[in-house]
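The values are calculated or read from the model by the stated rules, or taken from the named source; none is laboratory data. Keep in mind that what you see is a predicted model, and the values were worked out from it rather than measured. Methodologically, a virtual Cβ is constructed for each residue, glycine included, from the backbone with ideal geometry; neighbour enumeration extends over all protein chains shown.
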């Protein structure tokens, strides 16, 4: 995302992941974090009382939702009536907690270690394989999928980001997103720019026209680790590189990976179309600048709802595919987005598995998919819901076409979360260097990526 781990915000992305810790560090923090989370959800729902006939009343479910809207409170307002609807249908009460992206992975890792967590939770789809490797999440085999209507209800690209290849998925898709280039129409008109750039060279050329009068062309979030990863992953694909080899081993220092990271940081360091202050930006700050007219462009995943929340009219911005090195978006070197999205998982140790399965079925049902994804501005990963005319707007058409034709899933490897931390931090440090006026050379980029690779588990 969101974004916001995609890219939160509506994407994953999305996310301020500057405090994200690795799986290897999770055990060390688990005891303290578990004490904090015990009051929220301890190994599943508990009985709510007894009925008139002496039978136990339906159990509650605890649910950790990710922050998809412009604020935690906005998510509560969106989700609470939907959870009430589920309670009316099933008699099962859902206790909701919306967890900020800056805390979500740490909270989940602590819960997988301690066994103390919610019944159902949202996860960034890039974490699926990492969390799958802990063994704490329910595997979605054919029997489990049958409880929610079958595996074939979901779009293939969304399922590809639900767990390691060859294994039963660790989660099911809930919201699908893709990156796009959002641009301010007024700023374009004033600078004499008549169309959005299709290549990175064009973006830099346009960006220099838009950087004027105290305003900057492009907004980035240098301290947002996950967003850093999403951007350099796409650029690496365009340079013919991956951050992991075919065996799942880190390959952070290849020429293509170095070129990708340097190209991204150079928007600030060399091209001068990004404000130096963006080196310190965390989750959503680039979106706020865009909404306030301080920047003319932003690369983000499914951002429309956030812009509206900040007072922008849909007529104020346009949406175009993320640029490529040359030509048109597609597969291989023409990939221009990661497969962004949010997945829904069940903790294996829940004592209300039947209720948890019913809840996932409800949230991934056609009607609920239409309601939630339309509200959040994302795309349903459920095929039939995706066909609703509500998802044929110009901006969502760009995102849907990107997911269908030119997006690739981040590596579904057990060490993916460590990758986000190590390489995301390397990019963050390089942005800090750029903001301080230090030259960003290929040698320096390779040095930082070498350091990041050395931090990966052996």
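So, in the range 138-172, of the ones that are within 19 Å of the chain's Cα centre (by Cα) and not in a loop (DSSP other than H, G, I, E, B), which residue ends up surrounded by the fewest Cβ atoms within 10 Å (Cβ to Cβ)?
For the range 138-172, the residue satisfying everything is 156.
Pick out, from the range 277-380, the strands (runs of 3 or more DSSP E) lying fully within it that include 3 or more residues that are surrounded by fewer than 24 Cβ atoms within 10 Å (Cβ to Cβ).
Working: elements: 295-301, 317-320, 340-346.
Passing ranges, in order: 317-320.
When you check residue 272 against the structure, is it modelled with pLDDT of 95 or more, at positive phi and in contact with a helix residue (DSSP H, G or I) (Cβ under 9 Å, 6 or more places away or on another chain), yes or no?
Details: modelled with pLDDT of 95 or more: yes; at positive phi: yes; in contact with a helix residue (DSSP H, G or I) (Cβ under 9 Å, 6 or more places away or on another chain): yes.
Judged against the criteria, residue 272 is a match.
Given the conditions (1) closer than 20 Å to residue 357 by Cβ; (2) at pLDDT 95 or above, which single one is not true for residue 128?
Residue 128 satisfies every listed condition except (2).
Residue-wise test of (1) at pLDDT 95 or above; (2) outside the structural domain of residue 267 (by TED's automatic domain parsing); (3) within 30 Å of residue 237 (Cβ to Cβ).
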{"site": "299", "(1), (2), (3)": "yes, no, yes"}
{"site": "302", "(1), (2), (3)": "no, no, yes"}
{"site": "306", "(1), (2), (3)": "no, no, yes"}
{"site": "313", "(1), (2), (3)": "no, no, no"}
{"site": "316", "(1), (2), (3)": "yes, no, no"}
{"site": "345", "(1), (2), (3)": "yes, yes, yes"}
{"site": "355", "(1), (2), (3)": "yes, yes, no"}
{"site": "363", "(1), (2), (3)": "yes, yes, no"}
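Step by step: first the residues of the range 173-226, then only those that are touching a strand residue (DSSP E or B) at 6+ places or on another chain (Cβ under 7 Å) and part of a loop (DSSP other than H, G, I, E, B), then the one that is surrounded by the most Cβ atoms within 10 Å (Cβ to Cβ). Which residue is that?
The selected residue is 178.
Residue 395 - would you say it is in the same structural domain as residue 128 (by TED's automatic domain parsing), modelled with pLDDT under 90, in contact with a helix residue (DSSP H, G or I) (Cβ under 6 Å, 6 or more places away or on another chain) and more than 16 Å from residue 161 (Cβ to Cβ)?
Against the criterion (in the same structural domain as residue 128 (by TED's automatic domain parsing), modelled with pLDDT under 90, in contact with a helix residue (DSSP H, G or I) (Cβ under 6 Å, 6 or more places away or on another chain) and more than 16 Å from residue 161 (Cβ to Cβ)), residue 395 qualifies.
Can you say whether residue 430 is buried (at least 19 other Cβ atoms within 10 Å of the Cβ) and either within 21 Å of residue 260 (Cα to Cα) or not assigned by TED's automatic domain parsing to the domain that holds residue 125 (or both), as far as the supplied structure shows?
yes
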